[in-house]
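Trainee: Pasting a structure below so you can have a look.
Just so it is clear, none of the values below were taken in a lab; they were calculated from the coordinates. Note that the structure is a prediction, hence the values are computed from the model and not measured. We place every Cβ from the backbone using ideal geometry, glycine too, and count neighbours over all the protein chains shown.
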Amino acid sequence: MAKYVPVGDAITPIVLRIVEAHPDAPARTLARRVVEECNGAITLEQARSRVRNALGVCGAAKRKESAAKHLHRPARPAGHRYEIPKSQAEPWLPFDLGIVGRVGILSDIHVPYHDETALRAAVDHLQAEKIDALLLNGDWADFYSISRHEKNPKHRNFRNELAAVRTFLKWVRQEFADVPITVKLGNHEERWERWLFEHAPEISDDPIMGIDNWCGMPALDMTLVKDKRIILAGQLPILHGHEKGNGISSPVNQARGAFMRLHHTVLEGHGHRTSTHSEPDMMGKETVCFSTGCLCDLRPAYAVLNKWNHGAAIVTVHDDRSFDVENFRIQGSRVRQS
Ligand SMILES: [Fe+2]
Ligand SMILES: [Fe+2]
């Protein structure tokens, strides 16, 4: 069956429809489509002139009298080619502690639901071992009141929680007056930013709204590490543990779960359990994963039965960036190595 061949002004709607459907295409390409659809009723040059008219690139006078101003676009040279747009991705780089010596690691304290005895025992041990740097490796605050989970109104007092966190950080600085202190965000502290996005999006990116500011860190000379960045103690990467997202659970222990997921030596908290998993590859290179215990209440209402244990770690970084890990448990107020 022969195609319908539009004539005269019947071509204008076709031109407009094609230009509207492909607003970024080159004029010549659009003109070819017009000629095709008109079954050769107009020449390529005629079609191109109509397309250019529709695009508003035929001079100011024609642009003025054009009926389809929404299709206008700035003129561009013939043969114009697009560049790859600039990426807005931000680099995700590790944060190197830059320490040679002993790094004390305290994880999952969950203030104000911390265990005072276990916390005291961990700090006593780190002091006795004369650490050179301290890392609070995430979930140092619980931020129960601003979580998305259902909350008991009795415990919902964010002002009190913040006050307890500020006092806790002051106490940490007092106990470790002379060492650099690095503070990493865990999933619980990330509740702060999520809460801001929901309740005060307009000012959420103002530095004054930062969790470090609200918790009083600048005055305590503590360094905040956010954005799920890996922390490096020599060659040992340290995570809080929530960075890898949900997925493979740990069938035997958390350290093995970390190995299955990352296939790289790592130390992490988050699971509230002390565990170690080592595995050599075919060439004998050993990968060792560690998970550290927590320092919070072991029987919270939302998980009264669990496999958690108290514990913390000391990583000794040598001159050549190699390291040793002391991943200790705490029973009552006793530090246990086995
Ligand atoms: Fe935790
Ligand atoms: Fe966590």
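Trainee: Within 10 Å of each residue's Cβ, count the other Cβ atoms and sort Ser322, Ser87, Ser275, Ser49 from fewest upward. Present the calculation step by step, with values, prior to reporting the outcome.
Mentor: Values: Ser322 11, Ser87 6, Ser275 22, Ser49 16.
Going from sparsest to densest Cβ surroundings: Ser87, Ser322, Ser49, Ser275.
Trainee: Which whole-number percent is the relative contact order of segment 95-135 (Cα, under 8 Å, 6+ apart)?
Mentor: 67
Trainee: Specify which residue in the list Pro300, Gly56, His277 is farthest towards the positive end of the charge dipole of the chain, using unit charges on the beta carbon of Lys, Arg (+1) and Asp, Glu (-1), about the Cα centre.
Mentor: Gly56
Trainee: Ranking Met222, Met283 by Cβ neighbours within 10 Å, fewest first, what do you get?
Mentor: Values: Met222 19, Met283 5.
Fewest-to-most Cβ neighbours within 10 Å comes out as Met283, Met222.
Trainee: While we're here: Return the calculated 222 nm mean residue ellipticity for the chain, to the nearest 500 deg cm²/dmol, obtained by summing -39500 (n - 2.57) across DSSP H runs with n ≥ 4 and dividing by the residue count.
Mentor: Estimated from H runs of four or more residues: -8500 deg cm²/dmol.
Trainee: Shifting gears a bit: Name the longest site-free stretch of the chain, where the excluded sites are GluC sites (Glu not before Pro) in a DSSP loop with no more than 15 other beta-carbon atoms within 10 Å. Working shown, then result.
Mentor: Working: sites that count: Glu83, Glu129, Glu150.
Free of exposed loop sites, the longest segment is 151-338.
Trainee: To make sure I understand, if each residue's beta carbon is the centre and we count other beta carbons within 10 Å, what order do Ile109, Ile208 fall in, fewest to most?
Mentor: Sorted ascending by nearby Cβ count, the order is Ile208, Ile109.
Trainee: Once R0 is set to 35 Å, what does the formula 1/(1 + (r/R0)^6) return for the Cβ-Cβ distance between Lys170 and Asp319, expressed as a FRET efficiency to the nearest 0.05? Could the numbers behind the result be given before it?
Mentor: Working: r = 34 Å, r/R0 = 0.97.
Efficiency computed from Cβ-Cβ geometry: 0.55.
Trainee: Report the label-to-label distance for Ser338 and Arg148 in nanometres (one decimal), using points 7 Å from each Cα along the Cα→Cβ vector.
Mentor: Going from the Ser338 label point to the Arg148 one covers 4.6 nm.
Trainee: Can you pull out the chymotrypsin sites (Phe, Trp or Tyr not before Pro) in segment 92-128 that DSSP calls coil and that have at most 15 other Cβ atoms within 10 Å?
Mentor: Working: sites: Trp92, Phe95, Tyr113; in loops: Trp92, Tyr113.
When the chymotrypsin sites (Phe, Trp or Tyr not before Pro) of segment 92-128 are filtered for loop state and at most 15 Cβ neighbours within 10 Å, Trp92 remain.
Trainee: Run down the lysines and flag those whose C-alpha is under 26 Å from the C-alpha of Lys184, throwing out any fewer than 8 positions away in its chain.
Mentor: Lys130, Lys151, Lys170, Lys226, Lys228, Lys244, Lys307
Trainee: Extension gain Asn39-Glu129, at 0.36 nm per residue separation less the Cα-Cα distance, in nm?
Mentor: Values: separation 90, 0.36 × 90 = 32.40 nm, distance 8.68 nm.
Length difference between fully extended and current span is 23.7 nm.
Trainee: Looking at segment 117-185, which trypsin sites (Lys or Arg not before Pro) are DSSP coil and have at most 13 other C-beta atoms within 10 Å of their C-beta? Don't skip to the answer; put the middle values down first.
Mentor: On the way: sites: Arg120, Lys130, Arg148, Lys151, Lys154, Arg156, Arg159, Arg166, Lys170, Arg173, Lys184; in loops: Lys130, Arg148, Lys151, Arg156.
Filter output for segment 117-185: Lys130, Arg148, Lys151, Arg156.
Trainee: Okay, next question. So which trypsin sites (Lys or Arg not before Pro) in segment 270-329 end up in coil per DSSP with only 14 or fewer other C-beta atoms within 10 Å? Intermediate values should be presented prior to the final figure.
Mentor: Details: sites: Arg273, Lys285, Lys307, Arg321, Arg329; in loops: Arg273, Lys285, Lys307, Arg321.
Those satisfying the criteria are Lys285, Lys307, Arg321.
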